[in-house]
1. Residues of region 127-153 with backbone nitrogen within less than 20 Å of a virtual label 7 Å along the Cα-to-Cβ line of residue 75, please, listed as ranges.
2. Could you work out how much longer the chain between residue 100 and residue 15 gets when fully extended? Use 0.36 nm per residue separation minus the Cα distance between them, nm to one decimal.
3. Would you kindly derive the ³J(HN,Hα) couplings of region 148-158 from the backbone phi angles with the Karplus curve 6.51 cos²θ - 1.76 cosθ + 1.60 (θ = phi - 60°), listing them in order in whole Hz, with x for Gly and Pro?
4. Ranked from highest to lowest mean number of other Cβ atoms within 10 Å per residue, what is the order of the peptides 131-139, 145-153?
5. What's the extension gain from residue 134 to residue 56 if we count 0.36 nm per residue and subtract their Cα-Cα distance?
6. Determine the per residue accessible area of region 64-130 with all protein chains present and a 1.4 angstrom probe, expressed in square angstrom.
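The values are calculated or read from the model by the stated rules, or taken from the named source; none is laboratory data. Note that this is a predicted model, so its numbers are computed, not measured. Positions of Cβ are generated from backbone atoms using ideal geometry, with glycine treated the same way; all protein chains shown enter the neighbour counts. The protein model used for the area step is the full one, side chains on, heavy atoms only, and it has no ligands, DNA or RNA in it. Shrake-Rupley method; radii C 1.70, N 1.55, O 1.52, S 1.80 Å.
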Amino acid sequence: SENIDYKASLPTWKKIGYTRILISINQITRSLFSTNILIPLSSALLGFLEVARISFINYISHTFTFFIYKICAPSAGAMFAKVTTSTKYTQNRAFLLVMKTIAYIIAITCSIICIFGIYINPYITTSTALLLISFLFIHILENIFIMYEKFLIIRNQSELLAFLNIINLLIAYIMLFHTSFTFIAAAISCFLIRCIVFIITSYIVIMLKTE
C-alpha cells in the first residue's frame, strides 16, 4: 500500500510538461529583461565603444549581486522542494525565511556598494553612476523574480506569473516595434512596465502568504 500511495503522489507527465512550459515562459521573460539583452541592443544604437563601458559597469553590478543568487537560489530550491507537500503555513514560513535571507544579503551588498561608491566617486561621471545603480536594480529584481517563481510553483500558482509575463512581453513588443518612441524611451517604458509587473506579482505573493 505504501508503494501505491507513493506512486499516486507523483506528478503526471502532463503536469510536468505544463509546469515546464510555464517555467520556460518565465525564464525567457527574465532573460529578455536582463542586461544580457540590453547590452547587445545598445550596441546597435550607441556603438561598440560605449557598449564596452556599459559592459564593464554590468560586470561590476553582476559581481555585487552574484552572491544573492549563489547563496539563495540553490538553498531556496532545496527548501521549497522539501515543503512542496507540506501545509501552506510551512510553505509560507519557508518563503519568509528565504526572503529574509535575500533582504540581509541585499542590505550587506548595498552597504558595500555605498563604500565602493564613495571611493570611486571622484573618478566616475553621473551617467555612469546612474547606469550602475540601474543595472544593480535589474539584477536584484531578477533574483527576486526567481524566488517568486519557486514559491508560486509549490503553491500551484505558477500560471499567474506566466500570464503576467506574457502580457509584459506583448506590451514590450508593441512599445519597441509599433510605436513612434525612440529606442531609449521604449526601453525605459518597458523597464517601468516590468517594475509594475513586479509590484503586481509581489501583491499576489503577499495574498497567497495570508491564506
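1. Correct set: 140-152.
2. So the extension gain works out to 27.5 nm.
3. Karplus values, whole Hz, x for Gly and Pro: 4, 4, 4, 5, 5, 5, 6, 8, 6, 10, 5.
4. 145-153, 131-139
5. 26.7 nm
6. Normalised by residue count, the accessible surface of region 64-130 is 66 Å².
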